[in-house]
Amino acid sequence: MRERKTPAKPVEPAAANRHSAVEATGHVDATNDADLGKAGETSVTEVVSPQAATTSGLQLRVPPSALVSGRLFGRTRVQAAGREVCFTRAEGRDLFALLATSKDGVRQDLVIEHLWSGQGEHGSQHLETGVRDINAALRSATGLSTGVRFVIKTGQCRHLASAFFDIDLWRFEQAHLVANTAPEEDTRVQALRQMVAIHEGPLLAERDDLWCLPLRQAAARKATNAVMRLAELEHKTDPDHALDLLTLAVDRIDPYSEVLWCRIMTIHGELGRLLAVRAAFQQFTERLREVDAEPSRQARQIYRGLAG
């Protein structure tokens with residue numbers, strides 16, 4: 001595939017990895033607290049694609065004491081007591097978005113570098129303003145006393161007090177760990193379904209900050225891999241459901257993923273649906289035109305081999 005212009009939407013996430021995301025943001029590894037069975041749980045809506053893909057019985061685990069809900073996939077939302085929380089200062093909104101990407105926090109110097117680079121001592125002032133704004137807004141929303149702190153400083157790191165929060169990215173990373181380490185297949189499959197359900201849209205979709213990009217790409221790559229693994233399992237017994245999952249992924253996770261589109265074409269080809277193969281390739285081509293790109297030689301070869 002020839003070089004394409006940087007789109008507003010996330011592009012193929014294979015170029016980024018977990019290690020680069022950690023380096024880019026200064027995050028501490030947040031994968032230690034990964035036992036999904038040690039917390040309370042809440043039901044979520046079934047995953048449904050335009051062709052009605054489902055993940056029946058899906059349960060997402062959240063801290064039983066969580067007072068604040070933070071959603072980073074798609075549009076960023078913060079809620080407490082069933083109401084949306086609005087920070088009054090840009091510093092508060094920016095700081096919350098950054099700190100919510102890591103359960104274990106971000107080094108203070110990198111917080112300033114990412115959010116208020118080149119502002120000298122004013123960067124520290126912006127940081128403290130952001131901390132005060134977050135604490136004030138969440139105290140008001142939860143009704144907790146003025147002594148409660150939602151932003152904590154530990155050593156050189158600033159982080160959200162995790163006992164108060166249910167952050168979708170934290171559950172996504174938790175599920176990713178379980179999907180790759182749990183000895184039981186049923187547990188791994190459940191974790192994969194959680195990942196797909198949680199990834200409702202690009203991470204921090206409304207932000208174009210450079211520090212967001214490696215995290216967004218890494219999350220999209222993990223979600224894409226989860227869909228591919230689930231689709232392979234479904235393909236054995238229900239290829240149409242596998243197609244539903246893959247279609248969901250190109251609609252909601254990565255519309256430019258050649259891996260996903262080629263798998264969609266391949267399954268249609270195995271089922272003898274040549275018109276569907278041609279339609280999928282046309283859709284893929286149109287998506288790539290949005291970012292001034294075109295299918296690679298390998299993708300074209302796969303298409304020609306299927307469509308004749």
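Using a/c under 1.5 as the rounded threshold, could you call the stretch 88-138 rounded, prolate or oblate? The axes a ≥ b ≥ c are square roots of the C-alpha gyration tensor eigenvalues, and prolate needs a/b larger than b/c, oblate otherwise. Could the numbers behind the result be given before it?
Details: a/c = 2.02, a/b = 1.15, b/c = 1.76.
Oblate shape, in that a/c is at least 1.5 and b/c is the bigger or equal ratio.
Compute the accessible area per residue over the stretch 81-190, keeping the other protein chains in place, probe 1.4 Å, unit Å².
Values: 5230 Å² over 110 residues.
Result: 48 Å² of accessible area for each residue.
Under the classification rounded if a/c is under 1.5, otherwise prolate if a/b is larger than b/c and oblate if not, where does the stretch 120-183 fall, given a ≥ b ≥ c as square roots of the Cα gyration tensor eigenvalues? Mind dumping the intermediate values first?
On the way: a/c = 3.01, a/b = 1.66, b/c = 1.81.
Here the stretch 120-183 falls in the oblate category.
Tell me, what is the FRET efficiency for LYS153 and ALA81 to the nearest 0.05, using R0 = 25 angstrom and their Cβ-Cβ distance as r? Don't jump to the answer; show the numbers that get you there.
Details: r = 26 Å, r/R0 = 1.05.
Once the sixth-power term is evaluated, E becomes 0.45.
Once a ≥ b ≥ c are taken as the square roots of the eigenvalues of the Cα gyration tensor of the stretch 222-305, is the result rounded (a/c under 1.5), prolate (a/b larger than b/c) or oblate (a/b not larger than b/c)?
Numbers: a/c = 1.96, a/b = 1.23, b/c = 1.60.
Because a/c hits 1.5 or more and a/b fails to exceed b/c, the stretch 222-305 counts as oblate.
Go ahead and run the numbers for FRET between GLU232 and ARG107, Cβ-Cβ distance against an R0 of 41 Å, rounding to 0.05.
With R0 = 41 Å, the Cβ-Cβ based efficiency is 0.55.
The values are calculated or read from the model by the stated rules, or taken from the named source; none is laboratory data. All figures in this text were calculated on a predicted structure; none of them were measured in a lab. Note that we place each Cβ from the backbone using ideal geometry, even for glycine, and neighbour counts take in every protein chain shown. In case anyone asks, the SASA skips ligands and DNA or RNA and just uses the protein heavy atoms, side chains included. Shrake-Rupley method; radii C 1.70, N 1.55, O 1.52, S 1.80 Å.
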